[in-house]
Amino acid sequence: MTRSRNGFFALVSRMKHIDRWALMRNSIRENVQEHSHMVAVVAHALAVIRREIFGRPSDPGAAAAAALFHDAAEIFTGDMPTPVKYRSEVIKSAYGDIESEARERLLNSLPDSLRPSYESVLTYGGDAADFVKAADKIAAYIKCLEELKAGNGEFTSAAEQTRGKIASLAMPEADYFMERFIPAFSLTLDELAPIETSGDLI
């Protein structure tokens, strides 16, 4: 079978078919594309917070781009549940090799002239990696909060464990985000954006 050198974006679009939290009973299903968007939003925010609140240099655009593609390998591997993925060093290492192979396969679906630009966001490091790691956990915590808000107690333990992992990062930007912005996720739409009673609505 001939492999397309122009299939990259069609493959990326398939992230919406991959469900997350496969071992859990979900009130609201979440796919990898939805998760990646939220991780990108939060990673961008963390980089902005570092620059604007803590006065340190950062690149919000690079953080957001890396986050958008951080789970792209799952197009080929599917989403492996965290308890399985980190069950042992052997499994973790083997899955890491599989992810690397999947990223290479994805890059091979691009024309050679575009490959370097996408290789940098698929194999990111440095500050971008730190932002994506923290944002990934924050996005998972937000998912837990949404499930708990929907009355799904199945996510109680996951929420506690995930919040602990975020705290253990000892990242000021993540702590700032958790303190300032996470409480709003428990509010209703009317509480978040009350409709103005003065003037016409249309």
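Within the range 15-22, the presence of a residue that is at positive phi and modelled with pLDDT of 95 or more is excluded. Within the range 113-138, residues that are over 10 Å from Phe69 (Cβ atoms) sit with their Cβ atoms under 8 Å from residues that are among the small types (Gly, Ala, Ser) and in a loop (DSSP other than H, G, I, E, B), at 6+ positions apart or across chains, in these pairs: Asp127/Ser58; Phe131/Ser58. Taking the range 48-87 as the range and being under 24 Å from Ile18 (Cβ atoms) and either loosely packed, with under 13 Cβ neighbours inside 10 Å or at pLDDT below 90 (or both) as the test, the residues that pass are Phe76, Thr77, Gly78, Asp79, Met80, Pro81, Thr82, Pro83, Val84, Lys85, Tyr86, Arg87. The one condition from (1) farther than 28 Å from Cys144 by Cβ; (2) of a type outside the set (Asp, Glu); (3) at pLDDT 95 or above that Leu106 does not meet is (3). In the range 158-172, the residues that are in a helix (DSSP H, G or I) and surrounded by 18 or more Cβ atoms within 10 Å (Cβ to Cβ) reach residues that are at pLDDT below 95 and not β-branched (Val, Ile, Thr) with C-beta atoms within less than 9 angstrom, at least six apart or across chains, in these pairs: Ala158/Trp21; Ala158/Met24.
Screening Ala94, Ala158, Ala128 for residues that are more than 21 Å from Leu46 (Cα to Cα), within 17 Å of the chain's Cα centre (by Cα) and either modelled with pLDDT of 95 or more or among the small types (Gly, Ala, Ser) (or both) leaves exactly one candidate, Ala158. Consider Glu191 carefully, then state whether it is more than 18 Å from Met38 (Cα to Cα), in a helix (DSSP H, G or I) and at pLDDT below 95. Judged against the criteria, Glu191 is a match.
Checked against the criterion of being within 13 Å of the chain's Cα centre (by Cα), buried (at least 18 other Cβ atoms within 10 Å of the Cβ), part of a loop (DSSP other than H, G, I, E, B) and at pLDDT 95 or above, the range 24-44 contains one or more residues that satisfy it. Scanning the range 105-134 for residues that are part of a loop (DSSP other than H, G, I, E, B) and of a type outside the set (D, E, K, R) gives Asn108, Ser109, Leu110, Pro111, Ser113, Leu114, Thr123, Tyr124, Gly125.
Do we find that Ala10 is out of contact with any helix residue (DSSP H, G or I) (no Cβ under 7 Å at 6 or more places or on another chain), over 21 Å from Ala170 (Cα atoms) and modelled with pLDDT of 95 or more in this structure? When the stated conditions are applied, Ala10 passes them.
The values are calculated or read from the model by the stated rules, or taken from the named source; none is laboratory data. Just so it is clear, the structure is predicted and the values come from calculations on it, not from any experiment. FYI the Cβ positions are ideal-geometry reconstructions off the backbone, even for glycines, and counts take in every protein chain you see.
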